[in-house]
1. For D:ILE31, state whether it is part of a helix (DSSP H, G or I) and modelled with pLDDT of 95 or more.
2. Which one is nearest to the other protein chains (Cβ to nearest Cβ), of the residues in the range D:178-202 that are modelled with pLDDT under 95 and over 13 Å from the mean Cα position of the chain (by Cα)?
3. Quick test of your reading of the structure: B:SER119 fulfils all but one of (1) part of a strand (DSSP E or B); (2) out of contact with any Lys or Arg (no Cβ under 9 Å at 6 or more places or on another chain); (3) not basic (Lys, Arg). Name the failing condition by number.
4. Among the candidates B:SER173, B:SER182, single out the residue that is over 27 Å from D:HIS89 (Cα atoms) and polar (S, T, N, Q).
5. Do you know which of the residues in the range C:133-150 that are touching a residue at least 24 places away in the same chain (Cβ under 8 Å) and either in a strand (DSSP E or B) or on the phi > 0 side of the Ramachandran plot (or both) is surrounded by the most Cβ atoms within 10 Å (Cβ to Cβ)?
6. Is there a residue being of a type in the set (S, T, N, Q) and surrounded by fewer than 19 Cβ atoms within 10 Å (Cβ to Cβ) anywhere in the range A:63-71?
7. As an exercise: evaluate C:MET171 against (1) within 7 Å of another protein chain (Cβ to nearest Cβ); (2) outside any strand (DSSP E or B); (3) more than 21 Å from C:ILE109 (Cβ to Cβ) and give the number of the one condition it does not meet.
8. Pick from C:ASP200, C:ASP161: which is farther than 23 Å from D:VAL169 by Cβ and outside any strand (DSSP E or B)?
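The values are calculated or read from the model by the stated rules, or taken from the named source; none is laboratory data. Values in this document were obtained by computation on a predicted structure and should not be read as measured data. Please note: Cβ atoms are built from the backbone with ideal geometry, for glycine as well, and neighbour counts cover all protein chains shown.
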4 protein chains.
Amino acid sequence: MRITVWNENLHETRGDAVVRENYPDGIHRAIAAGLAGFFDGADDVLRTATLQDPEHGLTDAVLDETDVLLWWGHIGHAEVADEVVDRVHRRVLAGMGLLVLHSGHYSKIFQRLTGTTNSLLWRNDGERELVWTIDQTHPIAAGVPSPIVVPRQEMYGEPFDIPVPDELVFMSSFEGGEVFRSGVTYTRGLGRIFYFSPGDQEYPVYHQPEILQVLANGIRWAAPRQPLRDQTAENAQRDWFLG
Amino acid sequence: MRITVWNENLHETRGDAVVRENYPDGIHRAIAAGLAGFFDGADDVLRTATLQDPEHGLTDAVLDETDVLLWWGHIGHAEVADEVVDRVHRRVLAGMGLLVLHSGHYSKIFQRLTGTTNSLLWRNDGERELVWTIDQTHPIAAGVPSPIVVPRQEMYGEPFDIPVPDELVFMSSFEGGEVFRSGVTYTRGLGRIFYFSPGDQEYPVYHQPEILQVLANGIRWAAPRQPLRDQTAENAQRDWFLG
Amino acid sequence: MRITVWNENLHETRGDAVVRENYPDGIHRAIAAGLAGFFDGADDVLRTATLQDPEHGLTDAVLDETDVLLWWGHIGHAEVADEVVDRVHRRVLAGMGLLVLHSGHYSKIFQRLTGTTNSLLWRNDGERELVWTIDQTHPIAAGVPSPIVVPRQEMYGEPFDIPVPDELVFMSSFEGGEVFRSGVTYTRGLGRIFYFSPGDQEYPVYHQPEILQVLANGIRWAAPRQPLRDQTAENAQRDWFLG
Amino acid sequence: MRITVWNENLHETRGDAVVRENYPDGIHRAIAAGLAGFFDGADDVLRTATLQDPEHGLTDAVLDETDVLLWWGHIGHAEVADEVVDRVHRRVLAGMGLLVLHSGHYSKIFQRLTGTTNSLLWRNDGERELVWTIDQTHPIAAGVPSPIVVPRQEMYGEPFDIPVPDELVFMSSFEGGEVFRSGVTYTRGLGRIFYFSPGDQEYPVYHQPEILQVLANGIRWAAPRQPLRDQTAENAQRDWFLG
């Protein structure tokens with residue numbers, strides 16, 4: 001499995017003390033380090049890339065070597081170049097897997113794929129989140145307790161302005177009583193997409209083993225089962241017979 | 001609209017004091033009375049039927065005059081005659097609407113239609129339930145606040161062992177932190193089915209205007225748009241051409 | 001019902017003889033004339049708009065008076081201004097209904113809403129299309145024979161690169177043996193979208209009464225049930241309580 | 001993988017000459033032989049069972065050793081004992097995979113799981129069936145051409161009276177112009193179910209490599225990922241905390 005963890009890396013580089021305490025090497029490296037325990041085979045590759053890198057670190061060369069891309073963004077969505085979004089979009093349609101994390105709900109790439117605003121109810125009071133498994137047969141929920149207890153977390157609540165998901169894997173509640181579709185899947189073209197909301201810069205959520213288990217499961221689920229290919233080009237060339 | 005509200009009517013007839021206080025005329029008559037405000041046209045008919053009636057009040061003659069059937073049961077599921085379940089099942093497949101209420105999740109007719117146990121997590125501590133609208137464009141959610149606040153209620157939680165719903169309209173949370181798919185729809189044959197969990201014998205939930213609004217919306221949504229018909233018979237008689 | 005039928009109006013204005021024979025006043029006016037039989041009430045308004053109009057005829061003023069927009073485009077997708085697409089997109093998310101017709105699968109607005117290429121298999125040999133109802137309880141299929149026989153038509157076949165639809169209403173076959181999801185629904189934000197493929201400039205499909213019945217049904221289904229509103233703004237202002 | 005192929009084995013044992021020519025050792029043994037090429041590992045077990053065996057060959061002991069059950073029936077559905085159907089149903093809910101084949105659409109077990117009649121349009125003229133992949137990312141469609149061409153086959157057409165599938169993997173057309181949802185998935189409880197219609201006693205469909213590939217893919221998809229368990233019992237015992 002060749003995994004690239006992308007992070008806007010702005011809270012970290014702008015010196016946010018809380019974030020640096022939670023993630024001294026950046027959220028991207030924390031996630032990559034956590035995933036290393038799941039993907040340690042000879043063929044496994046874990047890369048990171050950030051907004052500050054040339055082409056945000058998502059060159060054709062990097063994407064050629066990426067089976068599944070993880071996307072973490074928050075305050076820098078508007079700074080992501082449209083050409084990079086176009087490129088990632090084309091790759092997803094051709095079969096690359098994508099995990100959209102937490103505040104990535106507002107990222108350009110997720111909005112491009114959903115066609116919606118992805119807005120949600122929001123409040124940050126450091127409340128407990130309970131992440132309940134709804135689809136018990138789903139491979140993304142394998143080996144994960146229900147509920148996962150996240151001791152302190154930002155609240156994301158319904159209405160969550162997304163399309164009806166292909167699959168509803170997890171549903172969360174918060175101490176305020178809100179509910180949220182916290183783990184949902186989509187297919188776009190030949191690509192599989194998993195949005196998972198638990199995870200925040202202010203709370204050490206990405207250090208929880210259950211959360212890392214979900215990410216690892218999501219990566220395995222989203223990985224392409226065949227070489228990437230362009231359906232539009234294939235359709236145009238197809239020489240179908242008259243029956 | 002011709003509506004029949006069915007109730008096992010056992011808590012009431014066995015003298016449960018709390019239930020009699022909440023529903024002195026029985027849950028069925030309380031629901032019918034509440035619906036009367038929504039269906040008061042010249043063509044609207046509101047009937048009730050109970051387990052104690054001959055054929056449980058669900059004779060062919062009654063079902064012939066029923067567009068939508070509401071089902072409330074709890075401790076008497078096993079006492080419902082299989083012939084009556086067969087009859088209701090055939091009607092649903094032919095297009096009659098069905099609303100399954102609260103503890104009706106364990107009814108024979110709902111199990112017959114879902115193919116699952118419909119088991120769920122359960123606790124009764126009189127907690128607050130919040131009923132959040134998930135599908136904001138759905139006619140069943142029209143005119144309903146999100147969340148509906150039910151001050152005291154029994155907890156029903158996930159895992160809820162139902163098939164993936166056609167539509168997820170409402171999702172509830174409880175003070176204990178549980179979540180529950182509290183309003184879901186299915187189609188079986190030509191019939192539309194709406195399961196709605198808020199409503200209990202120990203709490204006066206069916207007196208809440210918002211809850212009655214949901215039931216009225218559900219009835220309108222589930223009502224057949226055409227005369228009932230038997231697809232199996234139609235398929236068998238169909239004389240289709242060779243192209 | 002306030003309906004606006006949009007057409008790129010290029011085949012017609014560029015003097016395509018076959019198209020002019022089928023639709024002497026343009027596809028938009030043919031559709032509007034056909035719909036006039038279904039929407040002839042005092043409150044019904046049928047407008048047309050084309051690519052050649054200022055702002056393509058889709059000004060804020062026109063959209064303010066539009067409950068459901070129909071979109072027909074083919075060779076001019078790239079000529080549609082992005083600002084107009086942005087505007088229509090926002091309206092759909094706020095609750096305006098949208099019917100995307102035939103070659104509109106490749107329109108900017110449909111691609112924006114789906115996040116996919118919407119490419120498909122294609123061949124034009126004037127074959128018979130059979131449009132089968134799959135979801136018999138769906139209001140869009142009400143009063144429509146199954147199959148609808150379109151005597152001569154362009155072939156659109158699978159793979160059709162769209163997201164999994166919310167509902168699969170119609171499925172077509174062609175003489176070559178291809179199949180196609182010819183009637184599918186989506187919800188995006190508060191807006192309802194119906195894509196319906198039968199209909200072409202070279203064949204007089206929009207003169208068939210069954211096809212017009214489907215369009216009329218689709219319009220009724222897609223119409224907003226409440227005033228348009230901006231969920232993102234609502235979410236931001238929402239003052240939710242701590243439980 | 002431990003696979004049990006069940007067949008009513010009535011056409012074969014009653015001396016139907018065409019069936020014996022296609023499947024001299026019975027449909028069950030032909031399928032098992034075809035699958036042997038896909039499941040030849042040290043831990044793979046391929047069993048067959050028939051209606052004529054004691055308890056139809058589906059004893060608790062056999063089911064204890066079965067990860068995925070394949071079901072072929074046609075003229076003997078009514079002869080299947082209800083106790084065996086109950087037993088298979090409980091296993092599916094606990095996580096056993098199930099493949100329902102061809103005329104098994106009318107089997108008691110599939111009707112029990114769907115809640116519908118599963119009736120369909122039917123004609124037997126030995127026509128060509130084209131099996132098109134609709135869900136290109138689905139593991140059941142991996143490595144399978146689109147379309148699969150079945151040279152001679154019985155026609156199964158819409159309306160197919162099944163619940164809306166969780167996933168629509170394949171869609172077929174026939175020479176008569178009919179369409180059919182020929183490969184659909186469901187989840188019931190913890191069990192995964194795949195219905196696949198191509199395959200008949202009168203035509204040698206189960207000898208086609210592409211058809212066997214689909215069955216092998218279906219088995220891998222439906223296999224339980226965890227030990228079977230009883231959700232109802234788990235829910236009843238669950239000791240959940242008050243938040």
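1. Against the criterion (part of a helix (DSSP H, G or I) and modelled with pLDDT of 95 or more), D:ILE31 qualifies.
2. D:GLU202
3. Only one criterion in (1) part of a strand (DSSP E or B); (2) out of contact with any Lys or Arg (no Cβ under 9 Å at 6 or more places or on another chain); (3) not basic (Lys, Arg) is unmet by B:SER119, namely (1).
4. None of the others qualify; the one that does is B:SER173.
5. Among those residues, the one meeting the criterion is C:VAL150.
6. Within the range A:63-71 (the criterion being of a type in the set (S, T, N, Q) and surrounded by fewer than 19 Cβ atoms within 10 Å (Cβ to Cβ)), the answer is no, since none of the residues qualifies.
7. (2)
8. C:ASP200
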